[in-house]
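Reading through the structure tokens given below for one structure.
What follows is calculated from the coordinates using simple rules that are stated; it is not laboratory data. Everything numeric here is computed off the predicted structure, so don't read it as measured data. When we count neighbours, we look across all protein chains shown, and the Cβ atoms used for this are built from the backbone with ideal geometry, even at glycine.
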Amino acid sequence: MKRIYPLCLIFFLIIMYSGNTSAQTGPRLAYKDYIEQYREIAVRKMKEYHIPASITLAQGILESGTGKSALAVEANNHFGIKCHKEWTGMTYTMDDDEKNECFRKYASAEESFDDHSYFLTSRPRYAGLFELDLSDYKGWAHGLKSAGYATNPRYAEILIRIIEENELFLYDNPDPELLTEKKDKKPKAKKEVKQSLIASTGLKLTPTELTFVEVYDGNRNVYLNNGSKLTFARNGDDIYTISKDFGVHAFQILKYNELGKKESITEGQAIYIVPKKNKSKQSDHKVSEGETMRSISQYYGIKLNSLYRLNSMPSGHEPQAGAKIKLKK
């Protein structure tokens, strides 16, 4: 992205960091409210994607004007991510570098945080950042600037100051008392959803119905499904053995396959080694008994979130047998 926040925000930030302490009282109060509202989400995304919560919060504060920008208020877009050619979700149009530019629109702020994390993990130019320690927020800030996340020459400096003045680094290794009671409740509910998605899987891919592509390190056969590469797990595999053979991070394997961190992998299970697509060439699928949204997602090579969006279904809900699930618009 050339630039992910409007010029008025840059001007606002220059004034804010001019050194006038009294002038910063308002912004700091806004920071406090924003941090309190979104810190739990940032910590959850840190655990899922290995991006420091301090960096996510600081970027959210900066790009969204503490959640008060038009893009954040009207489109739940806290990171100024533009549509790009792969985006098939909702959109929001506003003037930025050019007139009437297309930005991504989300159903919730958390969806924006999730997409921001996925955006960083899926772009090769940010790959070097994931070699850094989670506590190295300065390295992350400078790395984002060097990778071209923003053109403002003071981008890294501003992120670091936001982190240090608000002690956001504490969330990179959070004490449970830093977070509210919701922290104990939400992951538990999420885990139960994951288990229910795994429990009954009526669809299963096999190598015979796919196109063979190549043999990779570790004598891994690679196949193509809906334009995305995958392999099949062998006896004794886990995400670490598979990620090592394909030279990717373990968290990427988790993300690409919507796997839980503690979820075991079984022999013959299809494991995508690149992101799945947002839609299928096939138009729809009739649900049979025992099939889940995730099993359908894996079978057709469609991202689970995209499958929910295509069918206007809340995340975590499951279809009834006989229902017709859309696989493309």
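As a quick test, which of the pairs Lys145/Lys279; Lys68/Lys145; Lys261/Lys281 have an alpha carbon distance above 29 angstrom in this structure? Don't skip to the answer; put the middle values down first.
Details: Lys145/Lys279 33 Å; Lys68/Lys145 24 Å; Lys261/Lys281 31 Å.
Among Lys145/Lys279; Lys68/Lys145; Lys261/Lys281, the Cα-Cα distance tops 29 Å for Lys145/Lys279; Lys261/Lys281.
Distance between the C-alpha centers of the stretch 235-295 and the stretch 40-80? Whole Å please.
Between the Cα centres of the stretch 235-295 and the stretch 40-80 lies a distance of 27 Å.
Once label points are set 7 Å from the Cα along Cα→Cβ at both Glu209 and Lys286, what is their separation, rounded to one decimal in nm?
Calculated label separation equals 1.5 nm.
Measuring from label point to label point, each 7 Å out along Cα→Cβ, what is the Lys47 to Ser146 span in nm?
3.1 nm
Label-point separation (nm) for Tyr240 and Thr266, each offset 7 Å from Cα along Cα-to-Cβ?
2.3 nm
Once the piece of chain linking Lys68 and Ala30 is laid out straight, how much longer is it, given 0.36 nm per residue of separation minus the C-alpha distance between them? Walk me through the numbers before you get to the answer.
On the way: separation 38, 0.36 × 38 = 13.68 nm, distance 0.93 nm.
Length gained between Lys68 and Ala30: 12.7 nm.
List the residues of the stretch 76-99 whose backbone N lies under 16 Å from a point placed 7 Å from the Cα of Arg125 along the Cα-to-Cβ direction.
Zone members listed by number: 80-86, 97.
Determine the shape class of the stretch 27-132: with a ≥ b ≥ c the square roots of the Cα gyration tensor eigenvalues, call it rounded for a/c under 1.5, and otherwise prolate if a/b is greater than b/c, oblate otherwise. Working shown, then result.
Details: a/c = 1.78, a/b = 1.11, b/c = 1.61.
The shape class here is oblate.
List, in the order given, every pair from Lys244/Lys276; Lys45/Lys324; Lys262/Lys303; Lys85/Lys138; Lys204/Lys276 whose Cα-Cα distance in the structure shown is over 26 Å.
The answer is Lys45/Lys324; Lys85/Lys138.
Assuming R0 = 56 Å, what is the FRET efficiency of Arg161 and Glu318, from their Cβ-Cβ distance, to the nearest 0.05? Don't skip to the end; give the middle numbers.
Values: r = 46 Å, r/R0 = 0.82.
Once the sixth-power term is evaluated, E becomes 0.75.
Quick check: residue separation of His84 and Gln37 times 0.36 nm, minus the Cα distance between them. What number comes out in nm?
Answer, rounded to one decimal: 14.1 nm.
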